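Report on the following structure.
We did not get these values from a lab; they are worked out from the coordinates using the rules stated. Fair warning: this is a prediction, and the values are worked out from it, not measured in the lab.
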Amino acid sequence: MQEFPEIINETIKCPQCGTIMGEDYSNCPSCMWENPYKNIPKSERNTHTNKYDADISEEQKEEFKKKAISKRNLTDIPESIVNEIISSIKMTTASKFSHHIEYDEIDIVCADCVFGMNAIKGVLVETRDILGGRSGTVQKYLRDARNIAISELKKDAFELGADGIIDVDIEYCPASERGTMFIVKVSGTAVKLY
């Protein structure tokens, strides 16, 4: 059966190499995995995902949560439940949380998101660059990329047994000369709070 990764903020994660890419890409830019959504109209895409079922019962949700928490593994857990689990992980750019005095450092965690805009949006960005002013298109892509990278960072921290991340740093870097591809890097120190 063809695997249909979940669409989040118009992006999908390649199941072979983990690259985050736009849902409209024909192939993964890193490993050339063939995107199964390429021939499915956008309005019908969410009905083809096999990893998320909107009709999951409360009992099944609790089972998924227990499995994820006991094994500290988010593999094969529906994305909606993963998001619920990782939402409890606290983050700060400071070197400690103000209300938690004691913690154990676990490990450094890092995540990044390479994000490309399609050619039409790239032309709009180049026009905005010439005319000046804010580019809502770029801001949306950077915000989405940041949110994806933060989500991946929290997943890594959770799987290490952490319930917090300190010293969080977010970096934005262009990945192409034309300014239509960006890298958002997020890093921090995973900690167990007491």
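Length available on full extension from Asp76 to Gln60: 0.36 nm per residue minus the Cα-Cα distance, which gives 4.5 nm. With 0.36 nm allotted per residue and the present C-alpha distance subtracted, the Asp24-Phe97 stretch has 22.3 nm of extension available. Within the same chain, lysines fewer than 8 places from Lys13 are excluded, and of the rest, those with a Cα less than 18 Å from its Cα are Lys38, Lys42, Lys51, Lys154, Lys155, Lys185.
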